[in-house]
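Inspection log for the structure reproduced underneath, given as structure tokens.
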Amino acid sequence: MRKIYAVPLGLLGAGAATFGYASVIERNWFRLRRFDVPVLPPGRPPVKILHISDAHLTPGRSRLIHWVRSLDALEPDLVVNTGDTLSHRDAIGPFLDALGPLLDRPGVFVYGSNDLYSPIFKNPLRYIWRTSRSDYTKRRREPDLPYRELGSSLQAAGWLDLNNRIGRLKVGELDVEFGGIDDSHINRDRYDRIAGPVDPRADVHLGVMHSPEPRNMDRFTADGYDLLLAGHTHGGQVCVPFYGALATNCGIDRPRVKGLHRHRGSWLHVSAGLGTSPTAPMRFCCPPEASLLTLVPR
């Protein structure tokens, strides 16, 4: 009888240990990734971009808050936030506290779906065969998170709102042109509002979005953007060793679910993000991250 119960009890114990590791250890094991991106004209000095995404912040995430605040020591020239910042209506203050001195640096942002809609429980296995986009199209409920207040707070610090907008900033010694779109995952993207060739007088052109949908990435590239920045995927969040992400939750292919890659004539960086939804608080073989992208001459 003991042998009969040994295997299921062993599997149960292994499962509990894996869940404990994924939800307690790896979920708080923050990493900084570094990449050099050759997009600048010859002779231009390097520029450092701090890319953050998918904090899914709740007021109690003190380790995440303190770690993000420490990133100011990197002295980035620009901060890019690609959305899904909130997971609680009282999280704006903690997020501004997390940014801290980073708010004094040039910055830009777009929204993700979870900046508007509070999280609800979903079966995480569904992501393997479909995305969560239909969850929003079916509910069509009014936003219940204070995304406008979040945007106003960031704009008050001088950051650019790039939701379906074009913007321009002086970053270091560079003239940087931005094009951004709102979240395609909830049908708020309006690329036609920013469509058209980039301004050749700018030194570099950055396309900013939350979800890396190929149809929008193709248009950014066709318009001449040098580097595209996105989040949303969580890098798969739960990955299998030697295989990678099980799902991307959008139209991008699995090999490009995170990190620096090419997309036609542009560079593409997809952040695996800083957090998780409170309803699925775990990461496995995919630690939370921010990225420092150093733009260098071609």
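The values are calculated or read from the model by the stated rules, or taken from the named source; none is laboratory data. These figures come from a predicted structure and were not determined experimentally. Glycine also receives a Cβ, built like all others from the backbone with ideal geometry; neighbour counts cover every protein chain displayed. Note: areas computed on protein heavy atoms with side chains; ligands, DNA, RNA excluded. Shrake-Rupley method; radii C 1.70, N 1.55, O 1.52, S 1.80 Å.
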Exercise. Scan Ala98, Ala55, Ala73 and give me the residue that is over 30 Å from Arg201 (Cβ atoms), modelled with pLDDT of 95 or more and in contact with a Gly (Cβ under 8 Å, 6 or more places away or on another chain).
Key: Ala55
Exercise. Would you check which residues across region 225-246 are under 19 Å from Ser113 (Cβ atoms) and either among the hydroxyl-bearing types (Ser, Thr, Tyr) or surrounded by fewer than 21 Cβ atoms within 10 Å (Cβ to Cβ) (or both) and list them?
Key: Thr233
Exercise. Please enumerate the residues belonging to region 271-298 that are assigned to a loop (DSSP other than H, G, I, E, B), modelled with pLDDT of 95 or more and in contact with a Pro (Cβ under 9 Å, 6 or more places away or on another chain).
Key: Ala272, Gly273, Leu274
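Is at least one residue of region 252-270 under 12 Å from the mean Cα position of the chain (by Cα), surrounded by fewer than 20 Cβ atoms within 10 Å (Cβ to Cβ) and closer than 26 Å to Leu71 by Cβ?
Taking every residue of region 252-270 in turn, at least one turns out to be under 12 Å from the mean Cα position of the chain (by Cα), surrounded by fewer than 20 Cβ atoms within 10 Å (Cβ to Cβ) and closer than 26 Å to Leu71 by Cβ.
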Quiz prompt | Residue selected from region 171-191 under the condition in contact (Cβ under 8 Å) with a residue 60 or more places away in the chain and over 23 Å from the mean Cα position of the chain (by Cα), by the criterion surrounded by the fewest Cβ atoms within 10 Å (Cβ to Cβ) | solution = Glu173
Practice problem: Any chance you could count how many residues in region 19-32 are free of Cβ contacts under 8 Å to residues at least 40 places away in the same chain and either of a type in the set (A, V, I, L, M, F, W, C) or open to solvent by 30 Å² or more (accessible area, probe 1.4 Å) (or both)? | Solution: 2
Quiz item: How about region 192-218: which of its residues are surrounded by fewer than 19 Cβ atoms within 10 Å (Cβ to Cβ) and within 19 Å of Val270 (Cα to Cα)?
Solution: Pro214, Arg215, Asp218
Quiz item: Looking at Gly196, Gly167, which one is more than 16 Å from the chain's Cα centre (by Cα) and assigned to a loop (DSSP other than H, G, I, E, B)?
Solution: Gly196
Quiz item: Considering only residues of region 199-228 that are out of contact with any strand residue (DSSP E or B) (no Cβ under 8 Å at 6 or more places or on another chain) and assigned to a loop (DSSP other than H, G, I, E, B), which is nearest to Asn163 (Cα to Cα)?
Solution: Glu213
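Take Gly244 and tell me if it is of a type outside the set (Lys, Arg) and in contact (Cβ under 8 Å) with a residue 24 or more places away in the chain.
Criteria not met by Gly244.
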